[in-house]
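Chemist: My questions all concern the structure below.
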Amino acid sequence: MKNPHQKNKDKVDLRTSTINLLLNVAIFVLFAVIIYMSFSLYVKLHGTAKDLSENFGSQTPSDIIQVEVLNGCGVSGVADRFTDFLRNNNFDVVNVGNYIAFDISNSLVIDRIGNMANAYKVAKALGISNNNVIQQLNKNYFLDVTVIIGRDYFNLNPLK
């Protein structure tokens, strides 16, 4: 026959071993989380510096480029022709209007967000020289690129 004290001792040993097992599992899980967070922090710190140095001079154009087309030559309907051309070439024209003056001799493409690749892509589609692509950052604009159509519009792709 078993000793009653032996039965209580077995229950205590079982309870103690179960608690020890749960504590060991918790320690292992926490240790794994700490390793994962440390690795993530390392990758974030070292990956960011590497990405910045690699991408500083090389930008890629966005999939969707939002464009504003402004008539700077004063010829009626030119902005609409350019708008139709850009939309047919998968650019998102969000604004069409007149520029503040109608004496612009050469058409311009203006980068508004800091990604010159977008402006160069629009300029290439229109046949505008890269020399006429400039950057004027403006956080108040909700678009990527502004096109100002100059008096050289008849030499550009939409009218060829």
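Readers should treat all values here as calculations from the given coordinates under stated rules, not as data from a laboratory. It should be emphasised that the depicted structure is a prediction, and the values quoted were computed from it without experimental measurement. When we count neighbours, we look across all protein chains shown, and the Cβ atoms used for this are built from the backbone with ideal geometry, even at glycine.
Chemist: If each residue of separation counts as 0.36 nm, what is the full-extension length gain between ASN131 and ASN88 once their alpha-carbon separation is subtracted?
Modeler: Here the answer is 13.0 nm.
Chemist: If you rank VAL145, VAL75 by fewest surrounding Cβ atoms within 10 Å, what's the result? Please report the intermediate quantities before stating the final value.
Modeler: Values: VAL145 28, VAL75 14.
By the 10 Å Cβ count, ascending, the order reads VAL75, VAL145.
Chemist: Right, next: So how do THR146, THR18, THR83 line up by other beta-carbon neighbours within 10 Å, fewest first?
Modeler: Going from least to most buried by this count: THR18, THR83, THR146.
Chemist: Three principal axis extents, largest first, for the C-alpha atoms of region 66-159, in Å?
Modeler: Result, largest extent first: 30, 26, 24 Å.
Chemist: Now, a different point. Please compute the Kirkwood hydrodynamic radius of the chain from all pairs of different C-alpha atoms, in Å with one decimal.
Modeler: With all distinct Cα pairs of the chain included, I get 20.4 Å.
Chemist: Lys pairs in the chain, Cα-Cα under 23 Å, at least 8 apart or on separate chains: how many? Spell out each step's value before the answer.
Modeler: Details: LYS2/LYS11; LYS121/LYS139; LYS121/LYS160; LYS124/LYS160.
Final tally of qualifying lysine pairs is 4.
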